[in-house]
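The values are calculated or read from the model by the stated rules, or taken from the named source; none is laboratory data. As the structure is a computational prediction, the values presented were derived from the model and not from experiment. Please note: Cβ atoms are built from the backbone with ideal geometry, for glycine as well, and neighbour counts cover all protein chains shown. Please note that ligands, DNA and RNA were not included when accessible areas were found on the heavy atoms of the full protein model with its side chains. Shrake-Rupley method; radii C 1.70, N 1.55, O 1.52, S 1.80 Å.
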Amino acid sequence: MENNSRTSFWQKSSCMDFNPKWFFLQLTLTALSLFTHSDLLSQTPTDALMMPSRNACVLLSYDMGQFDRYWEGDYLRGNETIATVHRNTFLPMAAISILGDLNLYIGLPYVKTESSEPNGGRFEGANGFQDFMAALKYRALEKQLGKGTLSLLSTVGFSTPASNYLSDYMPYSLGFGAPEFSLRGIAQYEWDSGLYVRGMGGYLWRGYTEAERDYYYNNGSYYSSTMDVPSAWNYEGILGKWFLNYSLRAELSYSAIKSTSGDDVRDYNAAQPTNKVQFERIGAFVQYYIPSIKGLGLVAYHSRVVNGRNTGKMANTGFGLTYQFNYLKDKKEIEDEN
């Protein structure tokens, strides 16, 4: 469960007298939490890998994110009072082959947020389960073309809050607190040498979230606790290559999010779920399949936000373990093992 500090934030802020230190502390609480699962793992809804028929892959990953600067609108500020904000995520995820060209993905992240300074007891981090995620990925085409293979895929996904966390508690909130439907298209060309390029484009439709206040400003006054979380476009470009007889793959990535609506964080005000979030991120990723242990793999990655709007200048580093296995063996496979 999430700790009770999320409620005390509003109780304390509503009854305190104005002072410059408190005013500046509100200013620095403006970075929107990032949802960073889709580009971190092996066999995800956004890559071109497909699980073999009757196979499943379980992944356990740990992500360490932090930032000490954020964009207020398009102006980059420093976290003068709350110092460095940390966001750690533990993600169990499973990829399951339903058919050879159709995979199912499910995951449930556990998130813990905190600041490197206690802020005089005014603000504490939060922790708890974020959003339950599910997605289906379909491979529509895999065709030999020239000196390589062209693959076309599509993914439809859904996520919804798995706990009663407070979304309007930036930058310590666990997530948006709203349901999300996603639709993505993926194209990859892989040369026979193992070098490949991949592009992804998607649309993320987001619903409404509930805040613990009955008034907010979003390019106008709203006397309501319901906030409309902006939908967004999502883009990604990948350059990768397989090494060591396809037991090691390495990737360089560029990804971006661009909200379709929303407002800017106002001067000397905290961020909120209605904000128009944009960011560009670059990263590096490696995965190694251990030849001596069948089915076991290691993943590691690092990414950085290099440009943004109404978001934190986040840096993420993570690692994980994958294990692939056959969950339904036929008679011949059982006889071969014996």
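Data overview
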| quantity | calculated |
| --- | --- |
| Some residue of the range 67-76 being within 29 Å of residue 250 (Cβ to Cβ) and open to solvent by less than 30 Å² (accessible area, probe 1.4 Å) | yes |
| Contacts under 8 angstrom Cβ, first residue in the range 79-104 being within 14 Å of residue 43 (Cβ to Cβ) and surrounded by 14 or more Cβ atoms within 10 Å (Cβ to Cβ), partner among the charged types (D, E, K, R) and at pLDDT below 95, 6 or more apart | 97/54 |
| Test: residue in the range 306-320 that is closer than 27 Å to residue 86 by Cα, at pLDDT 95 or above, of a type in the set (Lys, Arg) and surrounded by 13 or more Cβ atoms within 10 Å (Cβ to Cβ) | yes |
| The range 106-134: number of residues that are open to solvent by 10 Å² or more (accessible area, probe 1.4 Å), modelled with pLDDT of 95 or more and small (Gly, Ala, Ser) | 1 |
| Matching residues, the range 170-219, being modelled with pLDDT under 95, more than 12 Å from residue 274 (Cα to Cα) and surrounded by fewer than 16 Cβ atoms within 10 Å (Cβ to Cβ) | 212, 213, 214, 215 |
| Strands (runs of 3 or more DSSP E) contained in the range 49-117 and holding at least 1 residues of a type in the set (S, T, N, Q) | 55-67, 85-99, 102-107, 110-115 |
| Residue identified as surrounded by 14 or more Cβ atoms within 10 Å (Cβ to Cβ), of a type outside the set (Phe, Trp, Tyr) and without any contact (Cβ under 8 Å) to a residue 24 or more places away in the chain among 253, 231, 225 | 225 |
| The range 157-169 - residue that is of a type in the set (A, V, I, L, M, F, W, C) and over 18 Å from residue 204 (Cα atoms) and, of those, surrounded by the fewest Cβ atoms within 10 Å (Cβ to Cβ) | 162 |
| Residue check, residue 142 at negative phi, modelled with pLDDT under 95 and in contact with a Ser or Thr (Cβ under 7 Å, 6 or more places away or on another chain) | no |
| Selection count, the range 256-276, where residues are surrounded by fewer than 14 Cβ atoms within 10 Å (Cβ to Cβ) and either within 30 Å of residue 193 (Cβ to Cβ) or of a type in the set (Phe, Trp, Tyr) (or both) | 1 |
